[in-house]
Amino acid sequence: MKPIEFEGVKSKNTMAFRHYNPTEMIQGKSMKEHLKFAMSYWHTLCSGLCDMFGEGTLEKTYGKHAPMDIARAKADFGFEFMKNLKIEYYCFHDTDIAPKGDTLGETLENVGVMVEYLAVKQKQTGIKLLWGTADAFSDKMFMAGAATSPSADIFAVTAAKIKTAIDATIKLGGTGYVFWGGREGYDTLLNTDMELELNNLARMLTMARDYGRKAGFKGDFFIEPKPKEPTKHQYDFDTATCIGFLKAHGLDKDFKLNIEANHATLAGHTFRHEIATARINNMLGSIDANQGDMLLGWDTDQFPSDIYEATYCMLELLKAGGLKNGGLNFDAKARRQSNTIKDLYQGYILGMDTYALGIKIADRIIKDGRIDDFVANRYKSYKSGIGQKIVKGETNIEELTKYALDIKHITVESGKQEYLESIINQLMFC
Ligand code: XLS
Ligand code: CA
Ligand code: CA
């Protein structure tokens, strides 16, 4: 496969970027600095596109047979793929990079061997690790959870896997370490001690944080919310739930959120809502850029093509001043019927162009100023007088009652949703 180049909006070549121009400057930073695209090892290099009704449709053994040979060939393909797509970061689970051994010890050793291999590949290409994580959900021992398993032995195995994955992340210079809840949740409260499980989850996160800091990890720990699937109820339901949990356990200084678009919609929120919730709490960490299918209602992990969603995401990111230790990881896979390597390239090109166009439109919206001006003006009553006293905490309920009784006339102004939506469309399609 040839390197993918930027050809501009006039190009009809679907194997070229029309919007993603890595060095193009937006608000004082290059596109590649803003977007920090990352490849997901699991979907891109491991998934053979099977679904729960049938086998995979795309071979991912890379012409090899022995498990460690496959692991190395997978890495070789992955680094070539990222280089061709101008992607500078990647993300992995321990189980994506190295095969399972006969014992836990052997499995962890395999991870160590592959970390050495990846370190060399990173040096050769300049490609960096965005975040690492441990898979504590796919093995059958995790059927009832990992840190929230009813078995203390399984809790211990989880700790060993997390320790190894943190070590791998540090060794490879990753700036983030992700906890996606996996099977941390329940299918029925009839068999669940929710109080113990939640406290154990906090204990595991605390131990991991303490170990990571002791071992020299300077990046951010990320929690990735998801409301359901595989369990009926996942404890890390949505951003607000996670923030409350992290604050309750004194973890909010070390942890931020890794927000996935598909998980936001599963939780009944917009993607923007989840990002905004993290942003206003100073806990926006990283993004898993994908999208779901609203009619299917499960985690379909599709490549993002929705320009509105991408635009709103980028608006929030620009307002947040960017992602420090995070980036935009394509937690996305091609559809089962898109069973060629070319489809995989086209999926990434689609996703990267969607976000590149999204940031260009977000910049236009900010520069246009009408939306921001409208919102600022809508809340102007808090800028002076009694409103200012409210936000400064300089009044009380008695004074407010007295003030309210003296009001002669109240105006309730239009929220102008349609006007605002027209402005968005004007700027989107100009
Ligand atoms: C699964 C999650 C997972 C995390 C990493 O739904 O999206 O892939 O991103 O464990
Ligand atoms: Ca994800
Ligand atoms: Ca997902």
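For this structure, a couple of remarks:
- Annotation note: of ALA152, ALA144, ALA134, the sole residue that is at pLDDT 95 or above, within 29 Å of LEU323 (Cβ to Cβ) and not charged (D, E, K, R) is ALA134.
- Looking across segment 243-263 at every residue that is touching a strand residue (DSSP E or B) at 6+ places or on another chain (Cβ under 6 Å) and among the acidic types (Asp, Glu), the one that is surrounded by the most Cβ atoms within 10 Å (Cβ to Cβ) is identified as GLU260.
- Test: residue in segment 137-160 that is within 26 Å of SER40 (Cα to Cα), within 16 Å of ligand 3 (Cβ to nearest atom) and in contact with a helix residue (DSSP H, G or I) (Cβ under 8 Å, 6 or more places away or on another chain): yes
- Residues that are assigned to a helix (DSSP H, G or I) and either surrounded by fewer than 20 Cβ atoms within 10 Å (Cβ to Cβ) or of a type in the set (Phe, Trp, Tyr) (or both), drawn from segment 43-71: CYS46, PRO67, MET68, ASP69, ILE70
- Residues that are within 12 Å of ligand 2 (Cβ to nearest atom) and either surrounded by fewer than 22 Cβ atoms within 10 Å (Cβ to Cβ) or touching a residue at least 40 places away in the same chain (Cβ under 8 Å) (or both) within segment 264-290 comprise LEU266, SER286, ILE287, ASP288, ALA289, ASN290, listed in sequence order.
- Restricting attention to segment 132-181, the residues that are part of a helix (DSSP H, G or I) and more than 16 Å from LYS218 (Cα to Cα) total 15.
- None of ASP187, ASP153, ASP210, ASP238 is under 20 Å from ASN281 (Cβ atoms) and of a type in the set (D, E, K, R) except ASP238.
- Any chance GLU116 is acidic (Asp, Glu), over 30 Å from GLU88 (Cα atoms) and either modelled with pLDDT of 95 or more or assigned to a loop (DSSP other than H, G, I, E, B) (or both): no
- The residues of segment 305-338 that are touching a Pro at 6+ places or on another chain (Cβ under 8 Å) and either surrounded by fewer than 24 Cβ atoms within 10 Å (Cβ to Cβ) or in a loop (DSSP other than H, G, I, E, B) (or both) amount to a single one, ALA332.
- Which listed residue, of THR401, THR340, THR395, THR411, is away from ligand 3 (no atom under 16 Å from the Cβ), farther than 30 Å from GLY176 by Cβ, modelled with pLDDT under 95 and β-branched (Val, Ile, Thr): THR411
- Qualifying residue in segment 300-312 (condition: in contact with a His (Cβ under 7 Å, 6 or more places away or on another chain) and within 16 Å of ligand 2 (Cβ to nearest atom)): yes
- None of ALA334, ALA310 is in contact with a Leu (Cβ under 8 Å, 6 or more places away or on another chain) and over 20 Å from THR57 (Cα atoms) except ALA310.
- Within segment 166-217, the residues that satisfy the criterion of being farther than 15 Å from HIS93 by Cα and either buried (at least 22 other Cβ atoms within 10 Å of the Cβ) or of a type in the set (Ser, Thr, Tyr) (or both) are GLU184, GLY185, TYR186, THR188, THR192, LEU201, THR206, ALA208, TYR211.
- Test: residue in segment 73-87 that is surrounded by 21 or more Cβ atoms within 10 Å (Cβ to Cβ), in contact with a strand residue (DSSP E or B) (Cβ under 9 Å, 6 or more places away or on another chain) and assigned to a loop (DSSP other than H, G, I, E, B): yes
- Selection count, segment 33-42, where residues are out of contact with any Leu (no Cβ under 9 Å at 6 or more places or on another chain) and not in a helix (DSSP H, G or I): 1
Results for (1) hydroxyl-bearing (Ser, Thr, Tyr); (2) out of contact with any helix residue (DSSP H, G or I) (no Cβ under 6 Å at 6 or more places or on another chain); (3) within 16 Å of ligand 3 (Cβ to nearest atom); (4) closer than 24 Å to PRO22 by Cα, shown as yes or no for each residue.
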| residue | (1), (2), (3), (4) |
| --- | --- |
| GLU33 | no, yes, no, yes |
| MET52 | no, yes, yes, no |
| THR57 | yes, yes, no, no |
| PRO67 | no, yes, no, no |
| ALA73 | no, yes, no, no |
| ASP76 | no, yes, no, yes |
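- The criterion of at least 2 residues that are within 16 Å of the chain's Cα centre (by Cα), away from ligand 1 (no atom under 12 Å from the Cβ) and of a type in the set (A, V, I, L, M, F, W, C) is met by the following helices (runs of 4 or more DSSP H) wholly inside segment 199-304: 239-248, 271-280.
The values are calculated or read from the model by the stated rules, or taken from the named source; none is laboratory data. Keep in mind that this is a model prediction, so the values were computed, not measured. Don't worry about glycine lacking a Cβ; one is built from the backbone with ideal geometry, like all the others, and counts go over all protein chains shown.
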